[in-house]
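Engineer: Supplied in structure tokens, the structure appears directly below.
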Amino acid sequence: MRLLLVEDEKKLSELVARALRQESYAVDVADDGAQGWEFAQAYDYDLIILDLMLPKLPGQELLRRIRRGNHGVPILILTARDATEEKVQNFEAGADDYLTKPFAFAELLMRVKALLRRGPIARSSVLRVGDLEVDRLAQQVRRAGKRIELTAKEYALLEYLAAHPGRVFSRTMIIEHVWDQSFEGLTNIVDVYVRHLRSKIDDPFAVKLIRTVRGVGYGLGVAPEA
Ligand code: CA
């Protein structure tokens, strides 16, 4: 695993780099934002640890630039700032985790390991199954480019199925993920909603996307090759 550490406080960056190398990670250290940007463009890192207050190029700008070109690499922000509003802004700009200085190395290592376990993070907001597009940010659905209006529950059901194309879910699983604890109806509510969905996303089209697997449940799209 190769990590990039962008931190201008020499003492801190040396300590952090040493702690990470002891865990057998390869660590490149950039002393300012501009160098961080050079490194981030030159190498394909598994994780980037980024200080916010940086000379030459502010950490926030660096974060945005990295995210523009690389959606997957996990980014851990290291900062003295503790304002919630700023945290929110940075998460929106693509940060995956946050550590406020001063921090314990044990906590840094724990967070680094957790992020690396997750691996590259899928950040696209659009799920695609065939010519069906489910935009999770806008909560909009299109098929063959045509906008399809769904109710909130129909959308939630479709999004759940579209997040795992090819997989078949039992009615119970679908209820557990799409409905909440206040739901006390019968599992055939799923059949009712699948019927509604079919009439909107399948009936007007030649290729049918929603699959019924008898005795098992429902899925979207073709089954993955065994
Ligand atoms: Ca700094």
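Engineer: Which of the chymotrypsin sites (Phe, Trp or Tyr not before Pro) found in segment 1-60 are in a DSSP loop and have at most 14 neighbouring Cβ atoms, other than their own, within 10 Å? Mind dumping the intermediate values first?
Structural biologist: Details: sites: Y25, W37, F39, Y43, Y45; in loops: Y25, Y43, Y45.
Answer in residue order: Y43.
Engineer: Based on alpha-carbon centroids, what's the gap between segment 130-180 and segment 1-44 in Å, whole number please?
Structural biologist: 40 Å
Engineer: Note down the magnitude of the dipole of segment 126-220 about its Cα centre, charges +1 on Lys and Arg C-beta and -1 on Asp and Glu C-beta and zero elsewhere, to the nearest 20 debye.
Structural biologist: Numbers: 15 positive and 12 negative charges, 76 e Å.
Once rounded to the nearest 20, the dipole reads 360 debye.
Engineer: Can you work out ³J(HN,Hα) from phi for every residue in segment 189-194, in order, using Karplus 6.51 cos²θ - 1.76 cosθ + 1.60 and θ = phi - 60°, giving whole Hz and x for Gly and Pro?
Structural biologist: Result, ordered by residue: 4, 4, 4, 4, 6, 4 Hz.
Engineer: Round to the nearest 10 and give me the degree value, 0 to 90, for the angle of helix 59-69's Cα axis relative to the longest principal axis of the chain.
Structural biologist: Approximately 50 degrees, to the nearest 10.
Engineer: Can you spot the lysines whose alpha carbon is less than 26 Å from K153's alpha carbon? Ignore those fewer than 8 places along the same chain.
Structural biologist: K200, K208
Engineer: Sequence neighbours fewer than 8 away in the same chain don't count; with that in mind, list the lysines whose C-alpha is under 28 Å from K101.
Structural biologist: Excluding near neighbours in sequence, the set is K10, K11, K56, K87, K113.
Engineer: Give me, ordered by chain and number, the residues 5 or more places off Q140 or on other chains with an amide H under 5 Å from its own placed amide H.
Structural biologist: D135
Engineer: Quick check: the angle from helix 105-118's long axis to the longest principal axis of the chain, C-alpha only, nearest 10 degrees?
Structural biologist: Once rounded, the angle reads 40 degrees.
Engineer: For segment 2-118, what Kirkwood radius comes out of the mean inverse Cα-Cα distance, in Å? Before the final figure, lay out the partial values.
Structural biologist: Working: mean 1/r = 0.0722 Å⁻¹.
Answer for segment 2-118: a Kirkwood hydrodynamic radius of 13.9 Å.
Engineer: Okay, moving on. Could you work out the equivalent-ellipsoid semi-axes for the chain, taking the square root of 5 times each eigenvalue of the Cα gyration tensor, largest first, in whole Å? Working shown, then result.
Structural biologist: Numbers: eigenvalues 384, 65, 55 Å².
Rounded to whole Å, the semi-axes are 44, 18, 17.
Engineer: Mind checking the full-extension length gain between D135 and L116? Use 0.36 nm per residue of separation minus the Cα-Cα distance, one decimal, nm.
Structural biologist: Net length gain for the segment: 4.2 nm.
Engineer: Okay, next question. Would you mind giving the three semi-axes, in whole Å and largest first, of the ellipsoid equivalent to segment 115-199 according to its Cα gyration tensor?
Structural biologist: With the √(5λ) rule applied to segment 115-199, the semi-axes are 23, 19, 11 Å.
Coordinate-derived values only; no laboratory data. Small disclaimer: the values here were computed from a predicted structure and weren't measured. All Cβ positions, even for glycine, are placed from backbone atoms using ideal geometry, and neighbour counts span all protein chains on display.
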